[in-house]
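The values are calculated or read from the model by the stated rules, or taken from the named source; none is laboratory data. Fair warning: this is a prediction, and the values are worked out from it, not measured in the lab. To get the accessible areas, we keep the full protein, side chains included, count just its heavy atoms, and leave off ligands, DNA and RNA. Shrake-Rupley method; radii C 1.70, N 1.55, O 1.52, S 1.80 Å.
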Amino acid sequence: MFSVKSKTIILVLSIYFILSIVFFIIRYMDIRDFARKSQDMELQKINKIYNTSLERVSKFYITRGYANINSYGIKEAFENNDSKQLHILSEPRWRVITKENGYLETFSFYDKDAHLLTYFGLYPGKELKYIKNYNKSLSGFWYYNGSFEYHAIAVARKTNSKKIVGYINFTLDPTYFLSEIKKLTNIEAFEVFQKDNKKIFFLLPEHPQVLDKVIKENKFMENREIQIGDNTYMPYVINSIGIDSDNNFKIIFIQNISHWKAIVRKALMQSLIALVLIALFTTMIISYGFDIILKELNESNARLKASRNEFKHLNDNLQIKIKDEIEQKLKKEREANEKERLLAHQSRLASMGEMIGNIAHQWRQPLTEISSILINLELHFEKNKLTKDKFRIKVKEANEQISFMSKTIDDFRNFFASKKQRQTYKISDVLESVHRLLEASLKNNNIHLNIVIIDNYEVFGFPNEISQALLNIVSNAKDILLERKIDDAKISIKVMADNDKKIITIEDNAGGIKVEPIEKIFEPYFSTKHAKSGTGIGLYMTKTIIEKNNHGKILVSNMKHGALFTIIL
């Protein structure tokens, strides 16, 4: 018969073995599900990038087509089937658009019956057969004469009429979309078009050999792993729609998932080793200490019976007290988190409101410029002095102003983008963004902003948050300069490095901060402004961003002419 000691060891090891198997299975399923979710997220990301690229390219080139149609003399040339005039008038635009996209192959013009009038670039074919079934702009993929292309077509109509007089077609190499996805995701891909039961493949000129092997061995079934050499790949398939059903095709993305496989194997091996070591250690402990434990248990049993009632009473009270303490602590933490979230939300709303005001300042001048250009064009047109060169110059000037306004919107969008992932960025990029957002507002209030970059260092953190912190400080400086009506108002930003310290200083000449102690300005809801213009959370959120989120330090002091903020990253 087994001794009590042996029975105990066998029982403990049996329980441990069963629990280990359960743990091992759960661990494996957890890691496997995590890997699959990551792969699904990757496929969703690829789908979004591809659909966004399709929509952007279609809108861009169809808009370009209509811009060309509405240019001087284009509609008349279409109505007269004047291919020579179309070629002469459109040649400058061709020179521009070819520089914008190296994948643009052809810029072609067709009459109302879809017969070719003239073209730039590669020969597009004498007619567009499919366009006869449409009477509006369209875009999509088209297989023609052994060539697979992407078309974006704008319809030219007679002035003040719905009658179609011609078409403008932009033809792109379809691998352009592969290059966009490769650039944004670093995932390789190829396109498959099936014609007459024959598969035709399209790849980027520079592609890895693994794609050639996948195509050669026909290994691209959806959601089925591919083993090539020591690496494992997972193909993702996007079914893409052509101009008609005969031109549908597939885009195959090949992702190397070897690292996920290695993670699963490593995690399982680590779990197995840990379980074995724990089992050995447990056996040793039980074997060595069993006699001592039994002796101690016997001696303690008597003492335990004597103190059981007292212990039970103390234990009940302790549980109640612990429960109360935990509830109080959780309540305080929830209140603190909610307060922090509300403060961050209020700060973001305040910043957004101020940014909208800044955009209004930024747009005022270009809108005035565009209005002036339109008036100038109208005067020249009425006096019959509007030449092609004059028209093109004015269109170019208007486009420059529109581009400036678009850049302002991009800066505003990037400033409020929800990017909570650390990244490496240059401090000059952040300062440039802040300068663009505030430039018009500061100029409008006669405030000079001077930025001196002594050391353009790189920072690893959250650039949008640093932008918000700088914006809060500069905006506060602007408000106090206006409130105190300072002549020759100035704000100076200086960037430098001191050994491993990365320093940003912001100084104004508004006369300093009249608060004691000065660090009180970083407290929530404390404001030196009028109640209508200050929330008291801007500098509090700035301190939180610098010290809590970016592990830096912010200091403030009064100098001879004004306040000095020092940020150390």
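List of remarks:
- Accessible area of His313 in the full protein assembly, 1.4 Å probe (Å², nearest 10): 110 Å²
- Converting the Cα gyration tensor eigenvalues of the stretch 448-569 into ellipsoid dimensions via √(5λ) gives semi-axes, longest first, of 23, 18, 12 Å.
- Cross-link pairs beyond the 20 Å C-alpha cut-off, checked among Lys426/Lys560; Lys443/Lys502; Lys520/Lys548: Lys426/Lys560; Lys443/Lys502
- The stretch 13-150: equivalent-ellipsoid semi-axes (sqrt of 5 x gyration tensor eigenvalues, Cα, Å): 56, 15, 12
- Partners for Lys394 among lysines (Cα-Cα distance below 24 Å; same-chain residues under 8 apart left out): Lys59, Lys75, Lys99, Lys383, Lys385, Lys407
- Applying D = kT/(6 pi eta Rh) to the stretch 43-112, where Rh is the Kirkwood radius over alpha-carbon pairs, T corresponds to 10 °C and eta to 1.306 mPa s, the Stokes-Einstein value obtained is 115 µm²/s.
- According to the calculation over all Cα-Cα pairs in the stretch 421-501, the P(r) per 10 Å bin from zero is 16, 47, 27, 9, 0 %.
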